[in-house]
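Laboratory data are not the source of any read-out in this text; all were calculated from the coordinates shown. On a predicted model such as this, the values are computed, not experimentally measured, just so you know. Virtual Cβ from ideal backbone geometry, glycine too; neighbours counted across all protein chains shown.
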Amino acid sequence: MKSILLISWKEIRQRVLNRSFVLSLILGPIFILTCVYLLVKAADEGKKNVHVLIADPGDILQGVISSKEDPNVQYSFVSDYLEIDEFSMGKPYQDYDALLEVNEKVLNNKKVFIFYRDYLSNRVQNSIRFTFERRIEEVLIEEFSDLTVDAFRQLKQPLNLDFRSIMNPTNSDEGEAGWVGYFFGSIIILFTLFYGMSILRGVAREKANRVVEVMVSIVSPPQLMMGKIIGVGAAALLQLVVSLVLILCGLYFFQEFLFSDFFLNQSLSGAQVSEGANELLQNEFQRVRNNEVIHLLYDRINLTLMLPFFFLFFLISYFFYGAFFSLIGAAMGSEGDGQVLILPLVLLLLFSLFAGYFMVLNPSSDFSSICQYIPFTAPMAVMVKLSMGYAMGEGYLLWISFLILLLSTFLILWIAGKVFKSSLLSFGHRLSLKSLFRWRNRT
Amino acid sequence: MIEISHVSKSFRRKSALNNVSLNIPKGKITGLLGPNGAGKTTLIRLMNLMYFPDDGFLKFNGQLLKKDHLKNIGYLPEERGLYPDFSVREQLTFFAKLRGLSNAEAESSANYWIEKLEMKAWSNKDVESLSKGMAQKVQFAVAVVHDPEFLILDEPLTGFDPINIDLIKNLLFEFRDAGKTILLSTHNMQRVQDMCSHIILLNKGEVVSASSISDLFKGYVSNHFVVRYKGTGIAFANALWTDFELVNQLELTDGITEARLLKRGEKSVDDLIKNLQGHVSIEAVHMEQPDMDDIFISLLEKMENE
C-alpha cells in the first residue's frame, strides 16, 4: 500500500507542478464563467431600456397602456398613420426603438406589426407582447362584454390540466433539469477522457524511457498500475474540486454584482402583478421576466443531491475507463503505438455523450433504461436520470446501476492488472487486440 | 546467497531458460556472461521477481525468493531508465522510499550518494538536462541508494569515462569487501577477468560453466610461450628445432627481441630453455595465459559440438 501511495504521490506531483496543469486550473473555470456570462448576456441581449411608439390612428387603445409592469419599456402614442420610411428617417422619431402599428381592424383580425430598429431581446419582445395583449383584452371586454376585466379573466382562464411527477410535485421542468444532469455527465466523460489519456501517455512514456524496468524490479505491475490510476485520478479530482469551487464562487459573484438586476426584477415583478392579478398571470409574468439561463443555473441545480452522486460516479467511472487506458498504455510497443485501440475507447466515451443527449429528449424510452445498466454509459445515464428524478419506489435502480458499474470496474481492473503485468516488459512490437488476449492469458 | 534450482522459463513456445541450477556466492563479484539471447536478462528478471519460473525455484539467503527480499536487492538494468523531470535528489529519495526506507533515511542516503559520487554540483538539476555519463552515475546511485545486500548490475560501466570507470570499480570492490554480493552482467571479458572471482556462462538458456575464475583457468593451459632474448634471429630460430614453432617476434630496445612460440607435443618451459641455451641469451620466458575471450569462445564451441 505504501508503494501505491508513493507512486500516486509522484503522479500527483508530476502533474500539479506542471505549468499546464496550473494554467488549466485557473483558465478552465475562467472559461466556463465567461461562457456563463456570455450565455446570460446573449439571453438578455439588446437594449435594456426600450422606447416604443404606438401608432393608433383609430384610437383603439385610447392612449392607455400599462407601462408600470416593465420599467424598462416605455410607450408613447401617436394618433396618425405613420409610414415605415417616415419612422425610420424622420427626425422626431429617432429616439424611438420600435413602432407598434395598431390598425383599425385589429379587434377583428388580431394582427399587429411591430417594426424595430435594433433587434429586441426575447425578454423585451415578451414584455411588449404581454403588455399589449392585456390592453387589447381590456378593450375587447369593454367593447363586446358587460363583464368586468377581472371576471373576464377569471372566465378566460383555461383549464389547466397539469401532469406532475410524484417525485417532482412542484413541477420543475424535467427536460430542463435533464440538461443539468447532462452537464454533470459530460464533465465526468470529459475528465475521464482527458485524464485517461494522461494515464496512457504516462505509462507509454515510462515504457519508452525504460524507467518501468526499474519500477517493476521494486513494485509489482498491478501496484504500479493502481498507483498511476490513483495518482492521476487524485490530480483530476483536485482540478475538479478547485474548478467547481472557483465556478461556484464566480456564480455567486455574478449573482451579487453582475446579474443582481435579474434577481431584483424577479422579486419586483411578483409584487407588482399580484395587485389584482391571479396566480396564473403572476406566474406567467414572472416567467417572462426571468432569464432562462439564470433560472437554470441558480434555481434548477440541486447541488446537495447532484454533487455527492456526481463525485461517486465520477470516481468509479474514472477507475473503469482508467483501467482500459492503462492497459492499452502498458501494451503499447512504442509511444506512438496503440491508436487502433484508443479510437474505440474514445468512441465509447462519445457514445456516452450521445446517450445522455438522447435520454434528455426521451427519458422514458427503453434505450434510456438500458443505458443505466451498461457500465460504459452508466455515469452519464445516472446523472441525467438523477437530475430528472426517479419515480417513487424506483430509487433502487440508481443503486443497481452503481453496483453493476462497481463490479465491472473491479473486473476490468483485475483483467488490466494481468495484461499490465505481462505486457509491461514487452517492447518494440505492434499492438493488436490479439496480443492483449495473449497477455491476459499469460501469467 | 542466491540459489537457483532447476529453473525453466518459456515465453509462449520459446524456451528462455532450461533447467538452470547455480549458486551465486555471498561476498563475491560474479560475472554473468553469454552471447545475445543466452537468457541473461530472463535470469536477471527472475531474480528481481519481474518474471516467475515455470519450473524450479530461487532462494535468497536460504529462503524462497519473495517480494520482501526485493528491498535487499539493487538492480541496474542495461537499458537505463530514470524520471526525466525529477532532479537527481528527488530521483534518489523517491527510489529509496520505494525500496522501504523512511523519509529521513532516504534523505540521508541520497545525500551520502550525492557526495560519494561527486554529484553535489548538479544534484538539483532535472535528469533530462544531464549528460549521459552524469545520468549513468545517477542510475548507479539509484541501484545502491537503499544499501542492498545483493547487487545486480547489467553493463554497469558502459558510458563512463576512464576516471568514472575507476570510481565505480573501486566502489564495487568496496561493496565486495563489505560482504555484499554482486552479479555483473557484461560482454566485456577483460572486465570480468579484472573484477570477478566467479563466472556464470549461459548459452541458449543453459549453464555452460559456473565456477571460480581460477578453476576456469586451470582447465585452460595455453600452448604458447613468450621469450625475451638477446642474439640473432637465425640462431634463435635454429635453436627451436622442431619442438617449437615461431609464431611472431618483435624487436624491443637494447637489442632485446620478444618472440611468441607455439609448442609442439608435450614440451615444457624447461625444454625450451634447454633448447635455447648456448644459442641466445635468455632475458625472460613465461607461459602465455589464456584470456577470457579464448575461454568463452572455446566453451561455446565445445557446447555447440556436443
Can you divide the C-alpha Rg of chain B by 2.2 N^0.38 Å and report the result to two decimal places? 1.27
Of A:Lys421/B:Lys67; A:Lys2/B:Lys116; B:Lys59/B:Lys132, which sit over 24 Å apart, Cα to Cα? A:Lys2/B:Lys116; B:Lys59/B:Lys132
B:Leu151 long-range amide H proximity, modeled H, under 5 Å: B:Gly74, B:Thr181, B:Ile182, B:Leu183
Return one number: the angle in degrees, 0 to 90 and rounded to the nearest 10, between the long axis of the Cα atoms of helix B:103-116 and the longest principal axis of the Cα atoms of chain B. 30
Overall Cα dimensions of region A:61-144 - principal axes, largest extent first, Å: 39, 27, 19
So for chain B: antiparallel DSSP bridges make up what percent, rounded to the nearest 5? 70
Out of B:Val20, A:Met1, A:Phe144, whose Cα points farthest toward the positive end of the dipole of the protein assembly as shown (charges: +1 Lys, Arg; -1 Asp, Glu; placed on Cβ)? B:Val20
As a test of the formula, what do you get for the protein assembly as shown when each DSSP H run with n ≥ 4 contributes -39,500 (n - 2.57) and the sum is divided by the residue count, at 222 nm and rounded to the nearest 500 deg cm²/dmol? -17000 deg cm²/dmol
Based on Cβ point charges of +1 for Lys and Arg and -1 for Asp and Glu, what charge dipole magnitude is obtained for region B:128-194 about its Cα centre, in debye rounded to the nearest 20? 80
Whole-Hz ³J(HN,Hα) for each residue in region B:281-286, computed from phi via Karplus 6.51 cos²θ - 1.76 cosθ + 1.60 with θ = phi - 60°, x for glycine and proline: what do you get? 8, 7, 8, 7, 8, 8
Expressed in angstrom, Rg and Dmax over the Cα atoms of the protein assembly as shown are 42.9, 159
Packing-based exposure ordering (other Cβ within 10 Å, fewest first) of B:Met119, A:Met359: B:Met119, A:Met359
Can you tell me the Rg and the Dmax, both Å, for the Cα atoms in region B:183-306? 18.2, 55
Quick one: which residues, 5+ away or cross-chain, put their amide H under 5 Å from the amide H of B:His279? H built at 1.01 Å from N. none
Return the long-range amide H neighbours of A:Tyr75 (sequence gap of 5 or more, or a different chain), with a cut-off of under 5 Å between placed amide H atoms. A:Val52
For each of B:Arg99, A:Arg210, B:Arg45, count neighbouring Cβ atoms within 10 Å of the residue's Cβ, then give the residues from fewest to most. A:Arg210, B:Arg45, B:Arg99
Could you tell me how many cubic angstrom of Cα convex hull volume region B:138-232 has per residue? 188
Note on region A:1-160, DSSP bridge orientation, antiparallel percent to nearest 5 equals 30
Taking only the alpha-carbon atoms of region A:347-415, the convex hull volume per residue, in cubic angstrom, is 74
For region B:12-160, give the magnitude of the charge dipole about the Cα centre (Cβ charges: +1 Lys/Arg, -1 Asp/Glu; no others), in debye to the nearest 20. 460
When the Karplus curve 6.51 cos²θ - 1.76 cosθ + 1.60 is applied with θ = phi - 60°, which whole-Hz ³J(HN,Hα) does each residue of region A:238-246 get, with x for Gly and Pro? 4, 5, 5, 5, 4, 4, 4, 4, 4
For Cα pairs less than 8 Å apart in space and 6+ apart in sequence, what is the mean separation divided by the residue count of region A:324-410, i.e. the relative contact order in percent? 23
Can you run phi through the Karplus equation (6.51, -1.76, 1.60; θ = phi - 60°) for region B:81-95 and list ³J(HN,Hα) in whole Hz, with x for Gly and Pro? x, 9, 7, x, 9, 9, 6, 4, 5, 4, 4, 5, 5, 4, 5
Likely footprinting exposure, A:Met306, A:Met332, A:Met383, fewest C-beta neighbours within 10 Å first: A:Met306, A:Met332, A:Met383
Have a look at A:Gln255, B:Asn164, B:His224 and report the one farthest towards the positive end of the charge dipole of the protein assembly as shown, computed about the Cα centre with Cβ charges (Lys/Arg +1, Asp/Glu -1). B:His224
Between A:Thr34 and A:Arg117, what FRET efficiency comes out of the Förster formula 1/(1 + (r/R0)^6) with R0 = 30 Å and r the beta carbon distance, rounded to 0.05? 0.55
